[in-house]
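Here, each number is a calculation from the coordinates, and none is a lab measurement. Keep in mind that this is a model prediction, so the values were computed, not measured. Here Cβ is always computed from backbone atoms with ideal geometry, including for glycine, and neighbour counts include all displayed protein chains.
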Amino acid sequence: MSKSLILLLAVVVLFSGCVDQKSVSQKTVKNGDKISVDYIGSLPDGKVFSTSIVKVAEENKIFNPGSGYEPLNITVGKGEVIAGLDEGVVGMKVGETKTLTIPPEKAYGQSNPERIRAYPIIQVIPKKFPRVFDIPLDEFEATFGKGHKIEDVVNIPRTSINLTVRNITTNVSLSYNFKVGEQVPSGAPWNETVVKIDEKNLTVNYSVKKNEVVQFRNVPWNTTVIGVNNDNITLKHNAIPDTVISSMFGQTKVSFNETSIIMDQNHELAGKTLIFKVTLKSIE
């Protein structure tokens, strides 16, 4: 091979390498790319609520030893993160830092009033209940199945409570099958005993005394029995600082005011504008 040909090949290889390197440096994020980013998520007032950087977490007193502080890996455009972040990284280059201001509609949405419930702090629980009650036919069939007829006995799922079908129209009439002296499996923090049954009502007795403190399952507050008489018992749910409880339905924010327990199933960042400072670490 001639010296001139060798020189020409060397020049081609050299400049080819330069073109490839330039192409890599100019590559930008597009939908479908797998990327990793470091991020700091904050509110407009500067309060940091999440980050992938351990030092930032420590400085803002949100460090959680159980969290893995490392770049966030996502496939862009797949909905793996909130829309504002998913869309905001498009066009970024490796090493670039970008600040995204994300409105609620592109984050966790507006707060939905239908996902907020208020329950009274003072609760009166009667000792007398209707023996017969109605539920819609579709609800009955969803719970107990189809094809039932009058006088059939059905069991409330995951309980030992049996009911007798009394009538079937667009609603289904059901009656409790308890006997006097029988324990009612209510799940309450006391025993419930059936003390009287007539055609219309079922009367029970609760094994609690006035001023007794009880604990209901799956809630972080306790409850004081503030009244007991022949007709009912009265409870007072004792206030605690704002907290979050988890269940099969997700997380619920719990707060107390003077009269109510507020149970909010909206995301804690619902209705808020978010600020994300994002640094692109890599593009696959």
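Once the Cα atoms of helix 3-26 and of the chain are each reduced to a long axis, what angle between those two axes, in degrees from 0 to 90 to the nearest 10, is obtained?
30 degrees
Apply the Debye scattering formula to the chain, with a single equal point scatterer on each alpha-carbon and no solvent, then give log10 I(q)/I(0) at q = 0.11, 0.17 Å⁻¹.
Each listed q corresponds, in turn, to -0.90, -1.34.
How big is the dipole moment of the range 84-206 about its Cα centre under a simple scheme where the beta carbon of each Lys and Arg is +1, that of each Asp and Glu is -1, and everything else is neutral? Debye, nearest 20, please.
For the range 84-206, the charge dipole is close to 360 debye.
Over all alpha-carbon pairs in the range 52-139, figure out the percentage whose distance exceeds 16 Å.
77 percent
Once you list every other residue whose beta carbon is under 13 Å from the beta carbon of P220, what net charge do they have if Lys and Arg are +1 and Asp and Glu are -1?
+1
Could you check what % of the DSSP bridge pairs in the chain are antiparallel, to the nearest 5? Could you put the intermediate results ahead of the total?
Working: 70 of 70 bridges.
Antiparallel bridges make up about 100 percent of those DSSP assigns within the chain.
State which entries of K253/K281; K27/K272; K55/K93 exceed 29 angstrom in Cα-Cα distance in the structure shown.
Too far apart for the 29 Å limit: K253/K281; K27/K272.
Give me the log10 of I(q) over I(0) for the range 23-69 at q = 0.16, 0.25 Å⁻¹, as the Debye formula computes it from C-alpha points; what are the numbers?
-0.59, -0.87
Whole angstrom only: what separates the Cα centroid of the range 148-216 from the Cα centroid of the range 32-94?
51 Å
Taking the beta-carbon count within 10 Å as an exposure proxy, list R158, R131 from fewest neighbours to most.
The order, fewest Cβ neighbours first, is R158, R131.
Which order do peptides 34-41, 87-94 fall in by mean Cβ count within 10 Å, highest first?
So the order, starting with the most tightly packed, is 34-41, 87-94.
Where does the range 116-264 land on Rg(C-alpha)/(2.2 N^0.38 Å)?
Here the Cα radius of gyration is 1.22 times the empirical estimate.
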